[in-house]
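So the structure is just underneath, and the comments pick up after that.
The values are calculated or read from the model by the stated rules, or taken from the named source; none is laboratory data. Computed from a prediction, not measured in an experiment: that's the story for all the values here. Every residue, glycine among them, receives a Cβ derived from its backbone with ideal geometry; neighbour counts consider all protein chains shown. Side chains are part of the model used for accessible areas, which takes the heavy atoms of the whole protein and leaves out ligands, DNA and RNA. Shrake-Rupley method; radii C 1.70, N 1.55, O 1.52, S 1.80 Å.
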Amino acid sequence: MNDETEDLTESLAFTLSVILNGNEAERQHLANAYRSGRRLIAGIPFDRSDARPRIIACLERFNTCDLAGEIASAGWMLAAIEERVAEKNVRGWRKLRKLVDEAVRFLPLCQPTVH
């Protein structure tokens, strides 16, 4: 039987390694995808207090980016993990929340502007 907490932790550890090992441009691209994920999530209503539709929407984008070999996939995964942990019904969610917050802190703060 799979342990969801273990799966989330492994996915989060991999995502964090992608963030930390990326160059500045890659981290910015990843951050942009993460922010897009947060905007997408905000536009999807809860389904009977279940965030599953929000998580699935991010995972679909993750799959698309991952198949294309884009680093942005990690941003979509981070948004999905964050939303799952925010449900507060997975074992160890408080520790996972701290790890998610740490990962987000490593992202660049804003998108560069084009003049």
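Overview of values
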item: Residue 57 being buried (at least 21 other Cβ atoms within 10 Å of the Cβ), more than 15 Å from residue 13 (Cα to Cα) and not polar (S, T, N, Q); result: no
item: Count of region 50-81 residues which are under 17 Å from residue 17 (Cβ atoms), without any contact (Cβ under 8 Å) to a residue 40 or more places away in the chain and in contact with a helix residue (DSSP H, G or I) (Cβ under 7 Å, 6 or more places away or on another chain); result: 3
item: Condition met for residue 39 (open to solvent by 40 Å² or more (accessible area, probe 1.4 Å), free of Cβ contacts under 8 Å to residues at least 12 places away in the same chain and more than 24 Å from residue 6 (Cα to Cα)); result: yes
item: Test result for residue 4, in contact with a helix residue (DSSP H, G or I) (Cβ under 9 Å, 6 or more places away or on another chain), surrounded by fewer than 16 Cβ atoms within 10 Å (Cβ to Cβ) and more than 23 Å from residue 93 (Cβ to Cβ); result: no
item: Inter-residue pairs, beta-carbon under 6 Å, first open to solvent by 60 Å² or more (accessible area, probe 1.4 Å) and in region 84-110, second assigned to a helix (DSSP H, G or I), 6+ apart; result: 91/5; 97/85; 99/12; 106/19
